[in-house]
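These notes are about the structure you will find just below.
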Amino acid sequence: MRILIHGINYAPELTGIGKYTGEMAEWLAAQGHDVHVLTALPYYPEWEIHPDYKNRGWFTENRNGVNVHRMPLYVPKEVTSLKRILHEFSFLASTIPFWIKALFSKKFDVLFCIAPPFHLSSFPWLYKSLRKTVWINHIQDLQVDAAKDLGMIKNKTFLDIMFGLERFFLKRGTRVSTISEGMHNKIVNKGITPDKILFFPNWVDSTVVFPLSQEHSLRREMGFTSKDKIVLYSGNLGEKQGLDAIIRAAATFKDDHSIKFVICGSGGGKDKLVQQAAESLLSNVFFFPLQPYEKLAALLAMADVHLVLQKASAADLVMPSKLTGILAAGGCALITATEGTTLYDVVHQFQMGILVQPEQDQALQDGIRIALFNDTAMYRQNARNYAQQYLEKEQILRNFEQDANRLAFYQK
């Protein structure tokens with residue numbers, strides 16, 4: 001197949017959607033498909049163009065057999081709702097020359113368009129209409145719902161317009177794919193029939209991320225000892241998780257010098273977290289940059305408990321991608337999730353983590369105590385078993401390839 005993957009994030013970004021898109025594209029190319037990616041210059045999660053890509057305009061590079069078409073875009077230093085909108089529309093505008101050329105070039109058999117941002121579907125919709133190709137609209141986050149529920153956009157008229165556009169694009173795709181049962185149900189509620197929706201969850205390569213002993217972890221490299229009890233948060237330092245709760249939790253444990261809070265990542269909220277820790281005079285909070293993927297297993301192995309935090313309002317709108325790695329590493333996850341959400345239900349059903357209510361400091365602190373001072377072997381073993389049974393990269397991508405092949409065959 002000749003495949004075009006369209007999304008704002010892509011490798012070499014180490015976390016979030018870009019990581020999964022990069023792995024998917026390279027896997028498809030390795031199967032012999034002609035894979036093209038239309039994406040931005042890498043900037044996430046630091047919200048700064050990566051050094052190797054600064055001062056670059058429109059260009060194409062080949063990464064591990066994938067033809068990657070890079071587009072320039074506006075990246076704000078401080079992320080606000082308005083600046084995020086400008087950021088996303090600047091990328092959309094920069095893709096116009098590519099789409100004009102694509103309309104008169106060899107046809108793509110499959111378009112795979114990744115949201116957020118949801119309005120990237122504008123040109124795939126036009127391309128599908130004119131070239132009669134397969135268009136799969138893949139939903140990683142329900143962006144408009146999240147913007148409303150998190151209070152990022154409050155103007156009702158503007159929200160109504162965005163919801164209308166979102167429904168327009170969802171209904172016109174050949175298929176809609178998404179990563180969780182909760183998002184599946186919300187998409188059905190937007191008027192999409194269940195037979196049009198594909199389940200395409202995020203995955204993990206359990207041959208790369210697997211349980212390691214503390215001796216083979218990054219503890220010593222990062223300056224910690226075997227006697228330390230490490231509470232780890234690794235990933236994007238953004239708005240949806242309510243990460244200032246980590247600083248407040250650290251303050252309650254500051255007199256126990258064996259308990260260390262390690263925050264590993266980048267993002268728009270990092271400076272605020274560093275400032276809060278400094279103002280509270282906390283010597284038990286440590287900040288590190290994101291680690292390369294090949295070190296992920298060793299990073300995760302250093303933790304006694306992994307924090308997976310979300311705001312209650314995020315609910316089924318987002319699924320924390322960091323959880324797949326924690327499960328594959330056999331980690332003990334402390335997860336904030338509301339009862340009745342997909343995240344809560346699956347963790348509870350398979351007993352693969354400790355669940356507490358979101359945005360409740362006391363519940364989070366009690367959960368940390370449970371994880372640090374009780375036997376968590378059951379959670380760890382169940383986590384690894386679940387990852388191997390349900391999250392295997394090879395099986396998930398093979399299933400997607402078969403779905404795409406079938407759709408492309410019947411489109412011809």
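Points worth noting:
- The angle separating the long axis of helix 17-30 from the principal Cα axis of greatest extent in the chain is about 60 degrees.
- Shape of segment 360-412, Cα gyration tensor, a/c cut at 1.5: oblate
- Scaled radius of gyration (Cα, divided by 2.2 N^0.38 Å) that segment 214-390 gives: 0.95
- Cα long-axis angle, helix 393-411 against the chain (0 to 90 degrees, to the nearest 10): 20 degrees
- Taking a sphere under 13 Å around the Cβ of Glu48 and counting the other residues whose Cβ falls inside, with K and R at +1 and D and E at -1, yields a net charge of -2.
- On the beta carbon distance between Phe287 and Arg398, with R0 = 41 Å, the FRET formula returns roughly 0.60.
- Degrees between helix 122-131 axis and first principal axis of the chain (Cα, 0 to 90, nearest 10): 40 degrees
- Inter-probe distance in nm under a simple model that places probes 7 Å from Cα toward Cβ, at Lys254 and Arg172: 5.6 nm
- Entries in Lys229/Lys295; Lys132/Lys190; Lys148/Lys190; Lys311/Lys393; Lys270/Lys393 that, when Cα-Cα distance is taken, lie over 26 Å: Lys311/Lys393; Lys270/Lys393
- Taking label positions 7 Å along the Cα-Cβ direction at both Asn405 and Val274, the computed distance is 4.9 nm, reported to one decimal.
- Hypothetical label at Arg131: residues of segment 55-81 whose amide nitrogen lies under 16 Å (7 Å Cα-Cβ projection): 67-70
- Full extension of the segment from Ala377 to Ser90, taken as 0.36 nm per residue of separation minus the current Cα-Cα distance, would add 98.5 nm.
- Shown in residue order for segment 283-296 are the 3J(HN,Hα) couplings computed by the Karplus curve 6.51 cos²θ - 1.76 cosθ + 1.60 at θ = phi - 60°: 9, 9, 10, 10, 10, 9, x, 4, 9, x, 4, 5, 9, 4 Hz (x for Gly and Pro).
- Based on Cα contacts under 8 Å between residues 6+ apart, the chain shows a relative contact order of 14 percent.
- Nitroxide proxy distance, nm - points 7 Å out along Cα→Cβ at Lys83 and Glu294: 3.5 nm
- Computed helical MRE - 222 nm, the chain, DSSP H runs ≥ 4 contributing -39500 (n - 2.57), nearest 500: -12000 deg cm²/dmol
- Largest mean-square fluctuation among Ile259, Ile136, Ile100, in a Gaussian network model of the chain whose springs join Cα atoms under 10 Å apart, belongs to Ile100.
- Compactness relative to 2.2 N^0.38 Å, alpha carbon Rg of the chain: 0.98
- All C-alpha to C-alpha distances of segment 319-412, sorted into 10 Å bins beginning at zero, yield P(r) values of 15, 39, 25, 12, 7, 2, 0 percent in whole numbers.
- Near Phe288: Cβ cut-off under 13 Å, other residues only, Lys/Arg at +1 and Asp/Glu at -1. The net charge is +3.
- For Lys54, the lysines whose Cα falls under 16 Å of its own Cα, not counting residues fewer than eight places away in the same chain, are Lys77.
- Electrostatic tally near Gly16: other residues with Cβ closer than 11 Å to its Cβ, Lys and Arg +1, Asp and Glu -1, net 0.
- Difference of contour (0.36 nm per residue) and Cα-Cα distance, Arg56 to Phe163: 35.1 nm
- For segment 1-67, the fraction of alpha-carbon pairs in successive 10 Å shells from zero, as %: 22, 54, 22, 2
No value in this document is a laboratory result; all are computed from the given coordinates. Because the structure is a prediction, the values reported are computed rather than measured. So basically every Cβ, Gly included, is an ideal-geometry build from the backbone, and we count neighbours across all protein chains shown.
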